[in-house]
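Q: Sharing a structure below in structure tokens format, with a few things to ask.
The values are calculated or read from the model by the stated rules, or taken from the named source; none is laboratory data. Quick caveat: nothing in here was measured; it's all calculated off a predicted structure. FYI the Cβ positions are ideal-geometry reconstructions off the backbone, even for glycines, and counts take in every protein chain you see.
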Amino acid sequence: MERKNLILMIASAGTFVEALDIAIINLTIPSIQEQFGIGAETVQWLQTLYVLFFGGFLIIGGKLSDQVGHRKVFLWGSLIFMLTSLGAGLSTGFETLAVFRALQGLGAAFIMPSAMSIVTHTFKEERERSRAIGIFSSFAAIGSGSGLSLGGIISTYLSWHWVFLINVPVLLITLVFAYRYLPKDEKGKSQKTDLLSGVLLVLGLLSLTYGAHELIHIKEQTYLVIGSLSAAGILLFLVIYRLKSAPEPLIDIHLFRHQSLVVSNMAFVALGAFFIGFLFLISLMLQKDMNHSAASAGLMLVPFSIMSALVAKFILPHVTKRLNSAQMGIFGWIFMLAGAVLLLASVHFGHPLPLVLSGAACISGIGMTFCFTALSVLGIQDVDASGYGVASSLGSTSYFLGAGLGLSFLTLMSQVFPSGNAVGDLSIVILIGYAVFALGMLLYFIIRSVRIRRDEVAVS
């Protein structure tokens, strides 16, 4: 059992670092803008490129994990992430930083599904597996929560370069332990991985995101914007065509016969749009609207990182015993919705600090831990073990697809409907809409599942 727990910690360390990097950059945005002399709409691409490369290559990472080996892909992903973190931290130009930031997403795309597959293959008994996935997923939530506080403190007392360089020693230690303790991959039948579909998917998502981001400039750049959106449509159509016709498709479309996987992925899209949008907005609200320094904002958010860890350690295991994954998802989304409502109220009442921090506590301290864990379990609960890598990467792909498009949509709306504040009502109302959508999907799934069981009982 001790070896199993060590394997769980190694896999969780990998996912912690890639989740940390999603959030850690947010409170460093003003210092990056100041050094390179760029606006918010430009610096936002550092986050968008990361999440789109992450999400776009996740399915390839999951497929390679199933075919080449979980350990091998985890090691390669950790090495890529470590080297690109070093490159980003040493960058002296914005374009170089953006390239390394995108390649960080590629490394993360190999780490996440292989780490999840390592956990699901190590813990095979259902209750034991649910507990392990809960701990693993909570590390992702804790990484996202602690990233905000660490980013603000590091950028103030060191520099923004160190938000990337901090990954290097952590990943070096993870690589050493992973090489030493992760079990060797079983030799299986070698299969081709449909890399072309993965590349088409990434290009399609980038074209779609760029077109959506530049919609506000459609009068000045008509051909560029329409061309980008048209290219996105063609590329994504080609992806769907290849999935149906390729002999070894990137995704087995039969996976989508599982209603639990479909609902989980749709809720993951909303979760990505909500949480990455929240990270972006809370950094602007604390620094621009409330005039706190990056370090001060980071320190104020530290308790929620601790809260997230305590919730994962002491409360999550008890909730998983009493609620199934869909019910736990609703439980988590209620906190996300409450947090967004509190942030909306704070805008109307002049940003009182207790109200702002209460909203952040509901979202990053409590809600995210339950939502990410619940949706991760829901997405694979009906899938065969041989498809865990692809199934888990589908959920993460949906999360980062939602993150990339959701962040671009928030930026577009803030430009179309400017507010007197850095964070206006509309941005938070959009977050509320994401939460309501996810709650509706999960409620629909529960009601439908109850009806199916009732019909089965009636027939028998």
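Q: Quick check on Phe445: is it closer than 26 Å to Leu279 by Cβ, in the same structural domain as His348 (by TED's automatic domain parsing) and of a type in the set (Phe, Trp, Tyr)?
A: Against the criterion (closer than 26 Å to Leu279 by Cβ, in the same structural domain as His348 (by TED's automatic domain parsing) and of a type in the set (Phe, Trp, Tyr)), Phe445 does not qualify.
Q: Write out, first by first residue and then by second, each pair whose Cβ atoms fall under 9 Å of each other, whose residues are 6+ apart or on separate chains, and whose first residue, in region 417-431, is among the charged types (D, E, K, R) while the second is surrounded by 17 or more Cβ atoms within 10 Å (Cβ to Cβ) and in a helix (DSSP H, G or I).
A: Asp425/Leu344; Asp425/Val347
Q: Could you count how many residues in region 49-81 are touching a residue at least 60 places away in the same chain (Cβ under 8 Å), farther than 24 Å from Ile253 by Cβ and buried (at least 24 other Cβ atoms within 10 Å of the Cβ)?
A: Final tally of qualifying residues: 5.
Q: Looking at region 207-216, can you tell me whether even one residue there is among the acidic types (Asp, Glu), surrounded by fewer than 19 Cβ atoms within 10 Å (Cβ to Cβ) and under 19 Å from Val51 (Cβ atoms)?
A: Yes, there is a match, as at least one residue in region 207-216 is among the acidic types (Asp, Glu), surrounded by fewer than 19 Cβ atoms within 10 Å (Cβ to Cβ) and under 19 Å from Val51 (Cβ atoms).
Q: For region 316-328, name all the residues that are over 17 Å from Gly143 (Cβ atoms), assigned to a helix (DSSP H, G or I) and in contact with a Phe, Trp or Tyr (Cβ under 9 Å, 6 or more places away or on another chain).
A: Val319, Ala326, Met328
Q: Oh, and also: In region 83-95, is there at least one residue being out of contact with any Pro (no Cβ under 7 Å at 6 or more places or on another chain) and crowded, with 24+ Cβ neighbours inside 10 Å?
A: yes
This table checks each residue for (1) part of a helix (DSSP H, G or I); (2) under 30 Å from Trp160 (Cα atoms); (3) more than 21 Å from the chain's Cα centre (by Cα); (4) not assigned by TED's automatic domain parsing to the domain that holds Leu64.
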residue: Val262; (1), (2), (3), (4): yes, no, no, no
residue: Leu284; (1), (2), (3), (4): yes, yes, no, no
residue: His292; (1), (2), (3), (4): no, yes, yes, no
residue: Ser305; (1), (2), (3), (4): yes, yes, no, no
residue: Ile330; (1), (2), (3), (4): yes, no, no, no
residue: Trp333; (1), (2), (3), (4): yes, no, no, no
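Q: Any idea which of (1) assigned to a helix (DSSP H, G or I); (2) more than 28 Å from Ile306 (Cβ to Cβ) is the one Asp382 doesn't satisfy?
A: (1)
Q: Being among the small types (Gly, Ala, Ser), surrounded by fewer than 24 Cβ atoms within 10 Å (Cβ to Cβ) and at pLDDT below 85 is true for just one of Gly440, Gly387. Which residue is that?
A: Going through Gly440, Gly387 in turn, just one is among the small types (Gly, Ala, Ser), surrounded by fewer than 24 Cβ atoms within 10 Å (Cβ to Cβ) and at pLDDT below 85: Gly387.
Q: Which one of these is assigned to a helix (DSSP H, G or I) and either farther than 17 Å from Phe280 by Cβ or outside the structural domain of Phe16 (by TED's automatic domain parsing) (or both): Ala345, Ala340?
A: The match here is Ala345.
Q: Moving on to the next point. It is to be established whether one or more residues within region 135-147 are in the same structural domain as Phe57 (by TED's automatic domain parsing), polar (S, T, N, Q), more than 30 Å from Val43 (Cα to Cα) and at pLDDT below 75.
A: Scanning region 135-147 turns up no residue that is in the same structural domain as Phe57 (by TED's automatic domain parsing), polar (S, T, N, Q), more than 30 Å from Val43 (Cα to Cα) and at pLDDT below 75.
Q: Only one residue in Phe164, Phe256 is out of contact with any strand residue (DSSP E or B) (no Cβ under 9 Å at 6 or more places or on another chain), surrounded by fewer than 18 Cβ atoms within 10 Å (Cβ to Cβ) and in the same structural domain as Gly61 (by TED's automatic domain parsing), so which one is that?
A: None of the other options fit; the residue is Phe256.
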